[in-house]
1. May I ask you to compute the full-extension gain from GLU90 to LEU74, defined as 0.36 nm times their residue separation minus their alpha-carbon distance, rounded to one decimal in nm?
2. Only helices at least 15 Å long along their own axis, judged from Cα atoms, and with Kyte-Doolittle mean hydropathy of 0.5 or greater: name those in the chain from DSSP H.
3. Relative to a virtual label point 7 Å from the Cα of ARG117 in the Cα→beta-carbon direction, which members of the stretch 44-60 show backbone nitrogen distances below 20 Å?
4. Match the structure shown to one of the listed values (1) 1, 6, 12, 16, 19, 17, 13, 9, 5, 2, 0, 0; (2) 1, 5, 11, 14, 15, 15, 13, 11, 7, 4, 2, 1, 0; (3) 1, 5, 10, 12, 11, 9, 7, 6, 5, 5, 5, 4, 4, 4, 4, 3, 3, 2, 1, 0, 0 of P(r) over Cα pairs in 5 Å bins from 0, in percent, computed from it, and give that label.
5. Quick one: dipole size for the stretch 73-153, taken about the Cα centre, charges +1 on Lys/Arg Cβ and -1 on Asp/Glu Cβ, in debye to the nearest 20.
6. From the Cα trace of the stretch 199-271, what convex hull volume per residue do you get, rounded to a whole Å³?
7. Give me the accessible area per residue for the chain, probe 1.4 Å, as a whole number in Å².
8. Evaluate the relative contact order of the chain (contact order divided by residue number), counting alpha-carbon pairs under 8 angstrom at least 6 apart; express in whole percent.
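The values are calculated or read from the model by the stated rules, or taken from the named source; none is laboratory data. Keep in mind that this is a model prediction, so the values were computed, not measured. Note that each Cβ is placed from the backbone with ideal geometry, even for glycine, and that neighbours are counted across all protein chains shown. Quick note on the areas: whole protein, heavy atoms, side chains included, nothing else; ligands and nucleic acids left out. Shrake-Rupley method; radii C 1.70, N 1.55, O 1.52, S 1.80 Å.
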Amino acid sequence: MRKLRKQDWFHEDGFPIVVERRDPQQPFGLHSHEFSEIVIITGGKGVHLTGEDSYELVTGDTFVIGGERPHDYLNMDRLRLINVMFDANELPMNFSDLNSLSGYHALFTLEPAWRKRHMFNSRLQLTPVELIEAVRLADQLEAELDDRAAGFGVMATTTLLQLVTFLSRCYSRSRNPQSKSLLRIAEAITHLERHYSDPITLDELIEISGMSRRNFIRTFESIMGSPPIKYLIRLRIRRACQLLQQTDDSITRIALAVGFSDSNYFSRQFRLVTGSSPRDVRKQNA
């Protein structure tokens, strides 16, 4: 199986966004890549192969492929698509309130993780009007990348974020039962992102998710990489790092601002997460 490398697909200047059109998609072979991609099916039909499973594709299907996930296309009947390739590690995917969109978490994190369990039924299916807007944004993004005029990096990044936000909003409006179940989990994640500085209990998150306690904890940890409360602590520490670097507020005041009621406990958790003390992070920034 081939692994697509960034240096072979991204521009020589290293900018971490590429738009590739397949009109039509040609046989390619099973592959993975060092980057992620948004796939928008703009016409025709075919089969999406993921190594172990295969799923029917039709116009409007939109999904995200993570870097390590193998995939290919088979039985193509005039299958046309747009690939928006990007390296999330080099882009501001935490920009502003993007993480507060339940559709963002559902489309970019939960649906890929649950694809096999849901047999691809929780994918985003764009309406004709939504597809037109998604293609318009992809066209705008491609034009910036082709021209590479002064300031193209800012314009391309903001256009990608517009596309990501638009698709996330579309997912939030989905009426598909499987998509709705993912959105319930995404709403719990969104609640953490929005209210990290407030007192949040595990029971509160379980109620938002609509799942059993055991199933919610197991599902959350398998997808997000840590239990819910540990994830919350990391959110608070991440925000505390920003405040330490951007403000002159005291460490105690910052601890309280991000949701810790005890500055000593905050310092212990800070060191566990970052490997440094809050004071050291502030000194490094200074």
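1. Computed gain between GLU90 and LEU74 is 2.6 nm.
2. Values: long enough: 128-147 (28 Å, -0.03); 152-172 (30 Å, 1.01); 177-195 (27 Å, -0.51); 213-224 (16 Å, -0.46); 228-246 (27 Å, -0.12); 263-274 (16 Å, -0.50).
Span-like helices, by this rule, are 152-172.
3. 50-55
4. Read-out from the structure maps to (2).
5. On the way: 8 positive and 12 negative charges, 117 e Å.
Computed charge dipole of the stretch 73-153: roughly 560 debye.
6. For the stretch 199-271, the hull spanned by Cα atoms encloses 96 Å³ per residue.
7. Numbers: 14430 Å² over 286 residues.
Accessible area per residue: 50 Å².
8. Details: 442 pairs, mean separation 40.5, N = 286.
That works out to 14 percent.
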